[in-house]
Amino acid sequence: MIRSLINKFSTTIYVQIWENRIKVTDTQTGEVYDEAPLVAIETNSKGQKIISAVGNEVKSMVPSSEIQIINPFSHPRALLNDFLVAEKLLQHAFHLLFCKKTLSPAPLVVMQPMEKIEGGLTMIERKAFTEMALGAGAREVALHQGSELSVSNIDFKKVKADSAKNITSQIELKPKKENYLALVIWVAVIVGVIWSSN
């Protein structure tokens, strides 16, 4: 009952990431955060690093010894360069979309990297994008690879199921039943040897 109540008030967020743009759409309200993925980090007099600006307002800032400008999605080989800064940037976008809502449970999030995905995402990239969204406040995350989704009819369960199909290597974490049988046989043999030697 509680889960169905949460689902009723929850929304699905569609996150699209390019090297020089991040677009976060609330599929329920149609509200969009679409800005440059820039974060200005300032070092204060105590040596602490604090975020002083995010998004398009950072474009007009000039880097200095006190202000560092970071694009967490800019790297020659991969789309995700700085995990912690990317998580804070996404958290900021979520906050802007949800700050007007009085009741806003953690959203379902569909993440779609829009470039630098030739050959598909690696397992490390999949884990990083998923953990980034969860750290930013998502309740559950699905990764989408392919053509852009229609915001008006995103089916989170379908996207999640399709995402699971795209994983090329599944690791079996539980030992097979045959291994248990072999273990039981070995234990029986060892107990038998110890018993007969007494």
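Here, each number is a calculation from the coordinates, and none is a lab measurement. Every value quoted in this text rests on a predicted model; they were computed, and no experiment measured them. When we count neighbours, we look across all protein chains shown, and the Cβ atoms used for this are built from the backbone with ideal geometry, even at glycine.
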State the extension gain, in nm to one decimal, for the chain segment bounded by F83 and I124, taking 0.36 nm per residue of separation less the distance between their alpha-carbons. 13.6 nm
Which whole-Hz couplings ³J(HN,Hα) result when phi for each residue of segment 19-32 is put into the Karplus expression 6.51 cos²θ - 1.76 cosθ + 1.60, θ = phi - 60°, listed in order with x for Gly and Pro? 4, 10, 7, 10, 10, 10, 10, 7, 5, 7, 9, x, 5, 10
Residues R139 and V32, FRET efficiency given R0 of 22 Å [Cβ-Cβ distance, rounded to 0.05]: 0.60
Spin-label point model (7 Å from Cα, Cβ direction): what's the H75 to L96 distance in nm? 2.4 nm
Inter-label distance, nm, simple model (7 Å from Cα along the C-beta direction), I50/V151: 3.3 nm
Distance between segment 35-69 and segment 92-142 - C-alpha centres, whole angstrom: 23 Å
